[in-house]
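Right, one structure below, let's go through it.
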Amino acid sequence: VDIFTEDYSGKSFNRPEWIKIMSFIKKNRGKVDLILCNRWDRFSRNQYDAMTVIKELNKLGVTVNTVEQPLDISKSENKILLSLYLTVPEVENDRIAEKTAEGSWRARMNGYWTAQAPKGYDNFRDNKKSTLRPNPTEAPLMIEAFNMLASGTYSADEVRKWLNDNKLKITKNTFLRCIRNPVYIGKIRTGEWKKEPSQDVPGLHPALIS
């Protein structure tokens, strides 16, 4: 009836092409009786969500199958195999996510910067080490902003508006996060990891303020 192609992760069904598929099925009741995917992990990488969607599709008179792992899911004895096909990629996703989170935490523990550069800095790789370097335009403005705050003469919002007037656009919430961020004194906040508490460690980047 139709072909839909997407490259979104199968971690959830909140995917543009899948939303189109469901809309097509509901608008064309009776025209669709099968959704054919390449493999079950292309259909979903979340067992609970997949089972819920399969039940929803059944109510619409639609079943699901795959090319490389064909399975008659109308038969009760195949539910165990279906669960296996759906659970293995979900576990793989969880394992990759955990390793990525741990790797990011360890990098921060070693003083690396692992996120988008804050105002006043640019992302920079020094010998393959992810860190920061001062932005030649923004850094002097952020230094002056901290000096204005330290003087006790200006409120945080007055300083933020001064930055905006000097073409460093920054929202109220972003600015409040900036002035609490130890990155500007040359430190990295590691964040918590399992039973390890968050701590501020020396970063590889130069400080902008004392």
_Charged-residue dipole, Cβ positions (Lys, Arg, Asp, Glu), region 1-111 about Cα centre, Debye nearest 20_ = 340 debye
_Among Thr52, Thr190, Thr87, residue whose mean-square fluctuation peaks in a GNM of the chain (springs only between Cα atoms under 10 Å)_ = Thr52
*asked:* Keeping all protein chains in place and using 1.4 angstrom, which order do Phe43, Phe124 fall into by accessible surface area, from largest down?
replied: Phe124, Phe43
*Which whole number in µm²/s is D for region 134-178 by Stokes-Einstein, with the Kirkwood Rh taken over Cα pairs at 20 °C and 1.002 mPa s?*
204 µm²/s
*Using a 1.4 angstrom probe on heavy atoms only, work out the carbon and sulfur share of the accessible area of the chain in %.*
51 percent
*From the Cα gyration tensor of region 3-72, with a ≥ b ≥ c the square roots of its eigenvalues, which class applies: rounded if a/c is under 1.5, or else prolate if a/b is larger than b/c, or else oblate?*
rounded
_Förster-model FRET efficiency, 25 Å R0, Lys99 and Lys129, C-beta, rounded to 0.05_ = 0.80
_Ile188 long-range amide H proximity, modeled H, under 5 Å_ = Val201, Gly203
*When Lys and Arg each count +1 and Asp and Glu each count -1, what net charge do the other residues less than 11 Å away from Leu81, Cβ to Cβ, add up to?*
0
_Quick check: the distance between the Cα centres of region 84-111 and region 67-82, to the nearest angstrom?_
29 Å
*Please calculate how many Å² of accessible area region 1-126 carries per residue, with a 1.4 Å probe and no DNA, RNA or ligand atoms counted.*
64 Å²
*region 49-119: trypsin sites (Lys or Arg not before Pro) falling in loop per DSSP and having at most 15 other Cβ within 10 Å*: Lys75
*If you bin every alpha carbon distance in the chain into 10 Å steps from zero, what whole percent lands in each bin?*
7, 24, 18, 15, 17, 14, 4, 0
*Sparse-neighbourhood loop sites, GluC sites (Glu not before Pro) in region 1-84 - DSSP loop, at most 15 other Cβ within 10 angstrom*: Glu6, Glu68
*So which of Lys99/Lys187; Lys27/Lys55; Lys99/Lys128; Lys59/Lys79; Lys11/Lys167; Lys128/Lys194 end up more than 29 Å apart by C-alpha?*
Lys11/Lys167
*How high is the FRET efficiency between Thr171 and Lys75 when r is their beta carbon distance and R₀ equals 35 Å, given to the nearest 0.05?*
0.05
_With every protein chain left in place and a probe of 1.4 Å, what is the accessible surface of Lys194, to the nearest 10 Å²?_
150 Å²
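The values are calculated or read from the model by the stated rules, or taken from the named source; none is laboratory data. Since the structure is predicted, the reported quantities are computational estimates derived from the model, not experimental observations. Heads up, the Cβs are rebuilt from the backbone with ideal geometry, glycines too, and the neighbour counts pull from every protein chain shown. Note: areas computed on protein heavy atoms with side chains; ligands, DNA, RNA excluded. Shrake-Rupley method; radii C 1.70, N 1.55, O 1.52, S 1.80 Å.
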